[in-house]
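I have placed the structure first, in the form of structure tokens, so that the comments after it can refer back to it.
The values are calculated or read from the model by the stated rules, or taken from the named source; none is laboratory data. Just so we're clear, the structure is a prediction, and the values are computed from it rather than from any experiment. Positions of Cβ are backbone-derived with ideal geometry, glycine not excepted, and every protein chain shown enters the neighbour counts. Areas reflect the complete protein model, heavy atoms only, side chains present, ligands, DNA and RNA absent. Shrake-Rupley method; radii C 1.70, N 1.55, O 1.52, S 1.80 Å.
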Amino acid sequence: MKFAKEIENASYDLPSDWRPYLIHYKLLKKAIRLVVAELRTRGLLDIEKGEGQLNFSYEFDGDVEDPQPCIKITVDEAAARLIPDLIPTSSTNTSVLKIKLVKDSEFFHLLLKGLSQASVLYSTEQKRLSGKVDALETQLAKAASPKKQKDMYIWRDIFKLYMNASVFETTRTIDHSIQSFERSKQQLQWFTKELERLNLATKLGSKNSKEALKRFIQMNEELADFKRFHALNHTAMTKILKKHDKQSGLTARTEFPTFAKENVAIVENVLLALYSTITSKIISIVPQIDSHNCPICFAIAWRPIRLECGHVFCVRCLIKAHRRKLFDCPVCRRKHAVGNADATNLDRSLQNFFMMYFPREIQEKRRENEKEQAMQDMEAITGRAWTMYAGRESSCSIM
């Protein structure tokens, strides 16, 4: 299928008010024919194939409001005979001329108009989607609050599943291809199917939580559509520039992206801002346990001790480290960081945070600590090592 038909068919899957902002690929194809006709009429289409010494360069003058593509030619006398109407007779052996390309200018006026209109849509949609994110953030702050512990834990599972799906890019670069959109679409479908398979939506207790989940999925679907719109526009620009160069012999595909870099940067910044906003404002509402595990036992750092180097461990692991005379920080090896720690190193604000967001993990850690203490007491009474306790000691990969 030709791309002009492909983009036309794909546009029907986009919101109807977005379609006028797509690049007019068919009009640009027609404009290329006029560019080629002008080059042929002026003897510039195949000039590089003539005899003699000729240096040929393609440049952009003007700005994005008024692009002025031109050809800069440096020729000797032999090559000058090919275009006597454009290159004046000179007493020297070479001549230089900058030739403005009228039809090429019209082509890029049309292309830049399309990009400018698309930028307006990007700005509008960024405001609209950012508003949706803010509203959902407020709703989720209540629906997944620690006061509603059951729903909070379900939302934690939902967000962990979402992060594993990697629906959108989390790096500082954007993949502009249609294939990238298809991948995002597939990952979003996987996410919704996993929600259904695990019955996470039905497990949510409050009506507010269920409504928030619907809005979260809808917001991702709209963002995926937005990514598709961008992929179509970017692909259209790439293909039309390639077609332009192939038929005209010019090098717009190299020169134009640099000339219009501000338009491209605006688009990338909008997309990256929207992707990162979901993580910074929505996903962070319910903290994940992985970010708060003790780096020694890999369980929650209950009774969190913050060493002078800034690293945090559970008190139990630091007590064991101290008994084994391991006084340096297990992570950064700062000298005597463990040995210098005392009751004042207890991070009370972090402890309160854990009690609020990880009550089940704390309860499990307490049980583990009690079991471990019981085994240690039995060692002291019987004088022999208990297998489970010894095995837990030896499993430490840092100390």
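Less than 5 angstrom separates the built amide H of A337 from those of C329, all sequence-distant by 5 or more or on a different chain. Its alpha carbons give region 155-236 an Rg and a Dmax of 14.1, 46 Å. First measure r as the distance between the Cβ atoms of S130 and A380, then evaluate 1/(1 + (r/R0)^6) with R0 = 45 Å and state the FRET efficiency to the nearest 0.05. Plugging the Cβ-Cβ distance into 1/(1 + (r/R0)^6) gives 0.15.
Taking 21 Å as the limit for the C-alpha separation, the pairs K239/K261; K29/K72; K150/K371; K227/K261; K261/K281; K26/K242 exceed it in the case of K29/K72; K150/K371; K261/K281.
Basic side chains Lys and Arg get +1 at the Cβ, acidic Asp and Glu get -1 at the Cβ, and with that the dipole of the chain about its Cα centre reaches some 1600 debye. Spin-label model, V102 to K325: label points 7 Å out along the Cα-to-beta-carbon direction sit 9.3 nm apart.
Rounded to a whole number, what % of the accessible area of region 161-304 do carbon and sulfur atoms account for, probe 1.4 Å? Write out the running numbers ahead of the final one.
Values: 3520 of 6970 Å².
Carbon and sulfur together cover 50 percent of it.
In the chain, taking the dipole from charged Cβ atoms about the Cα centre, the farthest positive-side position among V120, F181, N340 is held by N340. Taken along the Cα-to-beta-carbon direction at a fixed 7 Å, the label points for S166 and K185 span 2.1 nm. Build a GNM of the chain with springs between Cα atoms under 10 Å apart, and of I71, I178, I381 the one that fluctuates most is I381.
Please report, to one decimal in angstroms, the Kirkwood hydrodynamic radius of region 219-316 built from all distinct Cα-Cα pairs.
Details: mean 1/r = 0.0556 Å⁻¹.
Evaluated over region 219-316, this radius sits at 18.0 Å.
Pull up the cross-link candidates among the aspartates and glutamates for K203, meaning alpha carbon to alpha carbon under 16 Å and not fewer than 8 places away within one chain. Of all the aspartates and glutamates, those that pass the test against K203 - Cα under 16 Å, at least 8 places apart if same chain - are D151, D157, E194, E211. If the chain linking Q149 and V64 were pulled fully straight, counting 0.36 nm for each residue of separation and taking away their Cα-Cα distance, it would gain 25.1 nm. Working note: Cα atoms of region 151-300, range along each principal axis, descending, whole Å: 63, 36, 21.
Each pair of Cα atoms in the chain enters the Kirkwood radius, and Stokes-Einstein at 25 °C and 0.890 mPa s then converts it into a translational diffusion coefficient of 92 µm²/s.
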